[in-house]
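K.L.:
The structure under discussion is supplied below as structure tokens; questions concerning it will follow.
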């Protein structure tokens, strides 16, 4: 095995002790990188808008629809431009009516300062989830994905992600989908690095979330 610089980090040491199966997956990942905030706060609005647009869609479909929306907004996805955009024009981009309402609600809450995105970096995981789920169309799963992939939080496990449970079934040879309680029992031993356990499980499916 070729040892990469990351393999000497506490993350790998932790999984080597606590879960050898996850450790083996992580060490086999060519694209492994420690989690870190990937977007500055001024990009959180467009990131969340993209997440809403992409819910329950393939990566390709989500990209196509969001690209059309960006073009409609003249290349700049901001709360002001979304609020000013015509609903039917947004629908014509491929958004469902429910998603049109959701991104408009996000825009309204940002515009009237009910949701202050620049404060998310200073909040706990639970506080971020509570803030984001005030928006219509942003549920627990979307908030958890934002925590992992935008804020770089390292100790998130998404209990509502069916892909994670399917990956657990395969990796641990369970013979059936684990119950939420079983999934929690497995993931608890990953603390404080549960997000990396999720990355490893998604890797086994080759199915990282949108």
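K.L.:
Inspect region 102-114 for any residue being farther than 17 Å from residue 138 by Cβ, in contact with a helix residue (DSSP H, G or I) (Cβ under 9 Å, 6 or more places away or on another chain) and in the same structural domain as residue 50 (by TED's automatic domain parsing) and give the result as yes or no.
P.N.:
Looking through region 102-114, none of the residues is farther than 17 Å from residue 138 by Cβ, in contact with a helix residue (DSSP H, G or I) (Cβ under 9 Å, 6 or more places away or on another chain) and in the same structural domain as residue 50 (by TED's automatic domain parsing).
K.L.:
Still on this structure, I have one more. Can you tell me which residues in region 59-75 are part of a helix (DSSP H, G or I), surrounded by fewer than 12 Cβ atoms within 10 Å (Cβ to Cβ) and more than 19 Å from the chain's Cα centre (by Cα)?
P.N.:
Correct list: 71 only.
K.L.:
Can I ask one more? State yes or no: is residue 101 free of Cβ contacts under 8 Å to residues at least 24 places away in the same chain, surrounded by 12 or more Cβ atoms within 10 Å (Cβ to Cβ) and assigned to a helix (DSSP H, G or I)?
P.N.:
No: the conditions fail for residue 101.
K.L.:
What tally of residues in region 175-204 results from selecting those that are farther than 13 Å from residue 22 by Cα and surrounded by 14 or more Cβ atoms within 10 Å (Cβ to Cβ)?
P.N.:
Qualifying residue count, region 175-204: 3.
K.L.:
Can you find, within region 14-37, the residue that is surrounded by the most Cβ atoms within 10 Å (Cβ to Cβ) among those that are more than 20 Å from the chain's Cα centre (by Cα) and not in a helix (DSSP H, G or I)?
P.N.:
Out of the qualifying residues, it is 19.
K.L.:
How about region 118-203: which helices (runs of 4 or more DSSP H) wholly inside it have at least 1 residues that are outside the structural domain of residue 99 (by TED's automatic domain parsing)?
P.N.:
Result: 140-149, 162-171, 180-188.
The values are calculated or read from the model by the stated rules, or taken from the named source; none is laboratory data. Model, not experiment: these values are computed from the prediction. Please note: Cβ atoms are built from the backbone with ideal geometry, for glycine as well, and neighbour counts cover all protein chains shown.
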